[in-house]
Amino acid sequence: MFKKMAIYLEMIKIEHTLFTLPFAFMGALLGSVTVHGVLPSWAQIGWIVMALFGARSAAFGLNRMIDQVIDKKNPRTENRAIPAGLLKTIEVVVFTIISFILLFWAAIELSPLAVKLLPIAVFMLVIYSYTKRFTWLCHVILGMTTSLAALGGWVAVTNSVDLSAIIFYITLSFWTAGFDIIYAIQDMEFDKKEGLYSIPARFGIDSSLMIARVFHMITAIGFITLFFTSSLSWWYFVGMLISLGILFYEHFILSPNDMSKLQLSFFTMNSVLSIIVFVFTLVDLVVQTT
């Protein structure tokens, strides 16, 4: 049983929760303090965790089913659960259905607006796995899909969307799209061979790194703008400056002639960034409400 559980956790890349969970919490914290003047309740946080787990699990389950033929051909992904025979397709179907049920249940417990927006979220979760088949903007669509976690955290506790929430969502969409471009460089030759679409396959390494930098410049502008349009104060500002330094370093350690630090740039740097922004935001809002 534990071995099977480990296979499921590996399939949904549980470690990548470090990208999304801190910002989902940040959306909930910022939204609750901005709209209600108080921190969200522990019950709300619990339902948000369930919603995020359900959404991520459903998204990865769908992706692994949709991409299983492609994954089997790619040396980097041939050992994933379905192509390696560790999980049957029907097992992943059941897992995905249960994940969607958890997402729906949590949305119902959280807010009416969250329920109304669910069809959009489900559509995005389904469609993004297909985008590599027809557009190199797949990275942007992935960013827009993944960043629904942060926007969902806001909606969950406020039952509303305002300018700060939209700025936060756009900021994280470009952040995710930027590091996904970096991640996709390792599959550039395979994508070309299989006729798949990605920015690296379409534009090459040099241009891809430049586009990722531009996207992360937009991210930086978004974090700065959020400071001026929300109730955040100097604690957040300090964390934001540290995060901008991390973004700069993430690109500094990469070059078209040396991609040896790709995993450090993609995973480690962005995981640290999300945790730092969340922790400083948490301190900021706790100080404001006590």
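The values are calculated or read from the model by the stated rules, or taken from the named source; none is laboratory data. All of these numbers come straight from a predicted model, not from anything done at the bench. As a convention, Cβ positions derive from the backbone with ideal geometry for all residues, glycine included, and neighbour counts pool all protein chains shown. Surface areas here come from the heavy atoms of the whole protein model, side chains and all, with no ligands, DNA or RNA. Shrake-Rupley method; radii C 1.70, N 1.55, O 1.52, S 1.80 Å.
What the table below lists for this structure:
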| quantity | calculated |
| --- | --- |
| Inter-label distance, nm, simple model (7 Å from Cα along the C-beta direction), residue 93/residue 228 | 5.3 |
| 258, 71, ranked by accessible area, largest first (probe 1.4 Å) | 258, 71 |
| Aspartates and glutamates with Cα under 15 Å of residue 132, excluding same-chain neighbours fewer than 8 positions away | 67, 71, 180, 187, 189, 191, 194 |
| Accessible area expressed per residue, the chain, with surrounding protein chains retained (probe 1.4 Å, Å²) | 46 |
| GluC sites (Glu not before Pro) within the range 78-134, DSSP loop, no more than 16 other Cβ atoms inside 10 Å | 78 |
| Selected from 74, 257, 159 as most flexible by GNM, with the chain as the system and alpha-carbon contacts under 10 Å | 257 |
| The range 161-250: chymotrypsin sites (Phe, Trp or Tyr not before Pro) in DSSP loop, at most 10 other beta carbons within 10 Å | none |
| Choice from 230, 32, 208 showing the highest fluctuation, given a GNM over the chain with Cα pairs closer than 10 Å | 230 |
| Intensity falloff of the range 174-288 expressed as log10 I(q)/I(0), Debye formula with alpha-carbon point scatterers, at q = 0.12, 0.15 Å⁻¹ | -0.47, -0.67 |
| In Å², nearest 10: area of residue 50 left accessible to a 1.4 Å probe | 50 |
| Filter on 73/193; 72/192; 3/88; 72/193; 192/261 - keep pairs with C-alpha separation over 19 Å | 192/261 |
| Quotient of Cα Rg and 2.2 N^0.38 Å for the range 182-233, N being how many residues it contains | 1.60 |
| Net length gained if the chain between residue 2 and residue 38 were fully extended (0.36 nm per residue, minus Cα distance) | 9.0 nm |
| Heavy-atom accessible surface of the chain: percent carbon and sulfur, 1.4 Å | 72 |
| Simple Cβ-charge dipole of the range 1-121, Lys/Arg +1 and Asp/Glu -1, about Cα centre, in debye nearest 20 | 300 |
| Intensity falloff of the range 1-107 expressed as log10 I(q)/I(0), Debye formula with alpha-carbon point scatterers, at q = 0.16, 0.19, 0.23 Å⁻¹ | -0.75, -0.95, -1.21 |
| Rh (Kirkwood; distinct C-alpha pairs) - the range 118-250, Å | 15.8 |
